[in-house]
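Working notes for the structure below.
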Amino acid sequence: MARVGLVVNPAAGRDIRRLTGGASVVDNYAKRRVAECVLAGLTIVPDTPTVAVMPDNAGIAAHAVSEAPDGVTIEQVDMPVEKSAADTRRAAAHFREHADAVVVLGGDGTTRDAAMELGDVPLVSVSTGTNNVVPTPVDGTTAGAAAAVVASDVIADDSVTYRHGKIEVVADDVNGTKRLTGLAAVEVTDRPFVGTRAVIDPSELLGGVVSRAHPSEIGLSCVAGCLEPLAPDEPGGAALRLGDPADAARTIRGILAPGMTTEVGVVDHDPLDWDEPATFTVEDGVVGADGERELELVDATVEITPVANGPRLVDVDAALGAAADAGALLQDATTVENP
């Protein structure tokens, strides 16, 4: 029988950008409701997949188990709960061996944490976070239905999934070598401490590297997209170096954070091939990934490289369209009569 993993991050969508900008608030009640919809969507196929859900201390997983629709067999993964990103990574590592598809409810950070461990398992990423470049703004029922048709092999999953890139960081500073992985963007800022983690002041941005770019996205991906769009399944990435709009050769106005549009000066914009690094010098600053500060650096040389081995993301529309084309959603053709 097909198996689907479910990750719901209780902390997603609750950072400081709810207060400083217009980031949406997705509370745990809303996440429970979306999880319920995901489970309902799984019943779209006759042989409903079994489900394993990441446990948490907010009661979301327990609620999913108690409120699962009839015919859905569901259990919590047997694992410790640390109330950190380690929970997502540990659950994803389990699903790598024990799931045919995984649905993740969260933002870019949660999707990145899951992607680091899932390998080739198809991933349906649903936006319930603050920074939502990679996750899809899709109804939970539709996400569950797409996961069901992929996991159940009623369609060829390689025809409805695509490989998203990643961004690898190697930083050498006075304290040694540090590493970081990003999914949509890695940002270099001149702020000397992590603080609340969320990048909320565009003037801090010195540049970075993106694996995708479009004006409709948020953060550094938006800046790059205003210059030259890059689809999520296109090879390579782009490096940007930013500066004062009054002195820069080009300026754009884009969405740098939820609820904020800002003028940004672009000093350089360089397309990158897979495995082609961009080098930055950081005297006293922070390197972040997907809108969150991660590495504090002093007198550092930082190599940021787009790589091809990112997660296999499910194209939800393509998956359900392929299922319909294959007749997998037609329950009883003999009852259909011509008018």
If you go through region 209-219 one residue at a time, how many are buried (at least 24 other Cβ atoms within 10 Å of the Cβ), over 13 Å from the mean Cα position of the chain (by Cα) and at pLDDT 95 or above? 3
Looking at region 297-313, which of the residues that are open to solvent by less than 10 Å² (accessible area, probe 1.4 Å) and part of a strand (DSSP E or B) is nearest to Phe95 (Cα to Cα)? Leu313
Starting from region 77-92, keep only residues that are closer than 22 Å to Val121 by Cα, then list their pairs with residues that are modelled with pLDDT of 95 or more and among the basic types (Lys, Arg) whose Cβ atoms are within a distance under 7 Å, requiring at least 6 positions of separation or different chains. Met79/Arg90
Consider only pairs whose beta carbons are under 9 Å apart and that are at least six residues apart or on different chains; among these, list those whose first residue lies in region 320-332 and is farther than 8 Å from Ile155 by Cβ and in contact (Cβ under 8 Å) with a residue 40 or more places away in the chain and whose second residue is open to solvent by 30 Å² or more (accessible area, probe 1.4 Å) and assigned to a helix (DSSP H, G or I). Leu320/Thr142; Leu329/Leu320
Let me confirm something: among Val102, Val65, which residue is under 24 Å from Asp157 (Cβ atoms) and not aromatic (Phe, Trp, Tyr)? Val102
Are any residues in region 232-251 open to solvent by 20 Å² or more (accessible area, probe 1.4 Å) and in contact with a Phe, Trp or Tyr (Cβ under 9 Å, 6 or more places away or on another chain), and if so, which ones? Pro232, Asp233, Pro235, Arg241
Look through region 114-135, keep the residues that are in contact with an Asp or Glu (Cβ under 8 Å, 6 or more places away or on another chain) and within 19 Å of Val38 (Cα to Cα), and return whichever of them is most open to solvent (accessible area, probe 1.4 Å). Asn132
May I ask you to verify whether Val38 is buried (at least 24 other Cβ atoms within 10 Å of the Cβ), of a type outside the set (D, E, K, R) and modelled with pLDDT of 90 or more? yes
In this structure, does Asp317 turn out to be open to solvent by 10 Å² or more (accessible area, probe 1.4 Å) and in a helix (DSSP H, G or I)? yes
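Scan region 102-130 for residues that are among the hydrophobic types (A, V, I, L, M, F, W, C), closer than 17 Å to Pro232 by Cβ and in a helix (DSSP H, G or I) and jot them down.
Result: Ala114, Ala115, Leu118.
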Quick check on Val169: is it farther than 30 Å from Asp100 by Cβ and either β-branched (Val, Ile, Thr) or surrounded by fewer than 16 Cβ atoms within 10 Å (Cβ to Cβ) (or both)? yes
When you scan region 139-160, do you find a residue that is of a type in the set (Ser, Thr, Tyr), touching a residue at least 24 places away in the same chain (Cβ under 8 Å), surrounded by fewer than 24 Cβ atoms within 10 Å (Cβ to Cβ) and touching a Cys at 6+ places or on another chain (Cβ under 8 Å), even just one? yes
From the option list Arg312, Arg293, single residue qualifying as modelled with pLDDT under 95 and touching a Phe, Trp or Tyr at 6+ places or on another chain (Cβ under 9 Å) is Arg293
Test Thr111 against the criterion of being at negative phi and either open to solvent by less than 20 Å² (accessible area, probe 1.4 Å) or in contact (Cβ under 8 Å) with a residue 40 or more places away in the chain (or both), and give yes or no. yes
Within region 73-104, count every residue that is in contact with a strand residue (DSSP E or B) (Cβ under 8 Å, 6 or more places away or on another chain), open to solvent by 20 Å² or more (accessible area, probe 1.4 Å) and of a type in the set (A, V, I, L, M, F, W, C). 1
Could you please find all residues in region 140-197 being farther than 22 Å from Val126 by Cα, in contact with a Gly (Cβ under 8 Å, 6 or more places away or on another chain) and among the hydroxyl-bearing types (Ser, Thr, Tyr)? Thr189
Cβ-Cβ distance below 7 Å, separation of 6 or more or different chains: which pairs start in region 228-241 with a residue that is at positive phi and end on one that is hydrophobic (A, V, I, L, M, F, W, C) and surrounded by 16 or more Cβ atoms within 10 Å (Cβ to Cβ)? Gly236/Leu272
hydroxyl-bearing (Ser, Thr, Tyr), modelled with pLDDT under 95, over 30 Å from Val149 (Cα atoms) and open to solvent by less than 60 Å² (accessible area, probe 1.4 Å), is that true of Thr262? yes
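The values are calculated or read from the model by the stated rules, or taken from the named source; none is laboratory data. Everything numeric in this text was worked out from a predicted model, so none of it was measured. Glycine also receives a Cβ, built like all others from the backbone with ideal geometry; neighbour counts cover every protein chain displayed. Heavy atoms of the whole protein, side chains included, go into the accessibility calculation; ligands, DNA and RNA do not. Shrake-Rupley method; radii C 1.70, N 1.55, O 1.52, S 1.80 Å.
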